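Taking it in order: structure first as structure tokens, then the write-up.
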Amino acid sequence: MIIFRKIRDKVGWLRKWVVPLLTFGLKFKKKVALTLRRSELYRDWFHLPDPKNLTIEQWLADGDCEDKIIHVEPAMTVIKAPPATNEPLNHWYFEKNKAGQTDASFVLMLHGGSVYGHEGGQYLNKRGNYLWDAGLEHWTYFNIGFMETVFKLPKPKYYRGRVAVLAHPWGYQTFGHWMFDVLPRFGLIERTLGLESIDYFAVGHDNKAFQKRSFERIGIPEDKIIPFDAKAHIRADCIVLPSIAKYNNQHLQRASLEYLRRLYCPRGLHGRKRRIYISRKDASFRHLHQENELLDSLRKIGFEECVLTGKSQEEVAALFGSAEVVTGPSGSGFMNMVFCQPGCLVIEIFTPYFFPPFEWALAHDCQLHFACYFGDDRVMKPERPMAYTKNIDVDPADCFNFIKQLMEKDGLL
């Protein structure tokens, strides 16, 4: 789906002809699948949901429902201040996107329910109704739910007791999504049911070092972890679903941020002293072409170059926690600004072809001073397709002066 969207953005005729054809094909497939699914024998044979989809609210209002939801934090509207930038023509974007929202958080318990692994989890209640708003559903790009188009599912594997599902489609391999879309949900269970009340944890992961270390920090033994991929189908006495920050949500609840800090900085954040430049020379894309020239100038005012690859998450947390200024080309390493102390100056260098707004939101939530320096031709354009692999070109002298002026304004020089 992601690949298709990138191609679609670049080739106009795809939007005109291919998208309607695919939509027609999916609608026809949905009609056939739902017709077959009216047969209870067919559903039982192929482990399919009931043709009637429900929302969580509709299911909990049913008189036959024994399930329970624990409401934790309410939804909130957030207004972000526009960041400082080197290009005034980009202010339209910040004004347009300054309003955001944190989703309401909850823990849902489905007794006798099941979950299929597509897109990080598709949830069914004990009667087999698909709860379409319980997980992430990206097929709604076609206004069609994935579970409405399938003809069969694998037989579910049964587990006794409570199984907490903490999967996310982008959390399997990506550090940023693991950090903010998976780990805070452990904290949600911790402060409601308690982690000790869970018998198994179904987690989508790729056995990466940072993921294994996370399990150790949380205190979850390996024999309680169920690998959960796109083809997994699990049924349990009770499926526990901690709510997901939806894919279009750019803010996290304050309790989630505090949980991450406690997890990796149990003794609190350190004094702000260091000035760090986060390099992407270890990455395969989005390099800053003039990095050496810029670093030559930054070192004169006390900056040190840091490559995060090879460092433990505890070391990275300590590094950001001790920083008074952080700068460098945009990348997932900036997610670690969650460990910065309030008031830390964060200056991220972007290409106008790719601006992920989560860092702006995260800086606001962590009470940091956030600024954007745009390289290349500097101007963001609404019709411009996103190009997240594009390298960045800057004027080293201009970029250095921008950083220096912000530091002088904050009383750091």
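What follows draws every value from the coordinates through simple rules; no lab data is involved. Since the structure is predicted, the reported quantities are computational estimates derived from the model, not experimental observations. Here Cβ is always computed from backbone atoms with ideal geometry, including for glycine, and neighbour counts include all displayed protein chains.
Descriptive notes on the structure:
- Length gained when the stretch Lys52-Leu36 is fully extended (0.36 nm per residue, less Cα-Cα span): 4.5 nm
- Listed residues Cys238, Cys265, Cys65, most fluctuating in the chain (Gaussian network, C-alpha, under 10 Å): Cys65
- Estimated FRET transfer efficiency when R0 is 41 angstrom, pair Asp282-Asn401 (beta carbons, to 0.05): 0.90
- Antiparallel content of DSSP bridges confined to region 265-409, in %, to 5: 5
- A Gaussian network model of the chain, with springs between Cα atoms under 10 Å, assigns the largest mean-square fluctuation among Ser297, Ser243, Ser279 to Ser297.
- Taking other C-beta atoms within 10 Å as the exposure proxy, Met147, Met386, Met335 rank Met386, Met335, Met147 from fewest upward.
- Cα gyration tensor shape for the chain, rounded if a/c is under 1.5, else prolate or oblate: prolate
- Converting phi to 3J(HN,Hα) with the Karplus coefficients 6.51, -1.76 and 1.60 and the offset θ = phi - 60°, region 373-379 yields 10, 9, x, 6, 8, 6, 9 Hz in sequence order, with x at every glycine or proline.
- Cα shape, region 271-321, gyration tensor, a/c 1.5 rule: oblate
- Estimated FRET transfer efficiency (Glu87, Arg213; beta-carbon r; R0 35 Å; 0.05): 0.35
- Surrounding net charge for Pro396, when Lys and Arg each add one and Asp and Glu each subtract one, Cβ distance under 15 Å: -4
- Here's how it looks for Tyr159: its modeled amide H is under 5 Å from those of Arg235, Ala236, Asp237, which are all 5 or more places away or on a different chain.
- Region 160-224 and region 26-86 have Cα centres separated by 22 Å.
- Formal net charge of residues neighbouring Ile56 (Cβ-Cβ distance under 10 Å; K, R +1; D, E -1): -3
- Efficiency of FRET from Cβ geometry, Trp45 and Phe106, R₀ 30 Å, rounded to 0.05: 0.30
- Total formal charge among the other residues, if their Cβ is under 10 angstrom from that of Gln253, Lys/Arg +1 and Asp/Glu -1: -3
- Residue-averaged [θ]222 nm for the chain, counting only DSSP H segments that reach four residues, each worth -39500 (n - 2.57): -8000 deg cm²/dmol
- Relative contact order, percent, region 265-409 [alpha-carbon distance under 8 Å, six or more residues apart]: 27
- Based on the Kirkwood approach, the hydrodynamic radius assigned to region 271-362 is 13.5 Å, with every pair of different Cα atoms included.
- Count of lysine pairs in region 183-339 with Cα separation under 22 Å (8 or more residues apart, or interchain): 12
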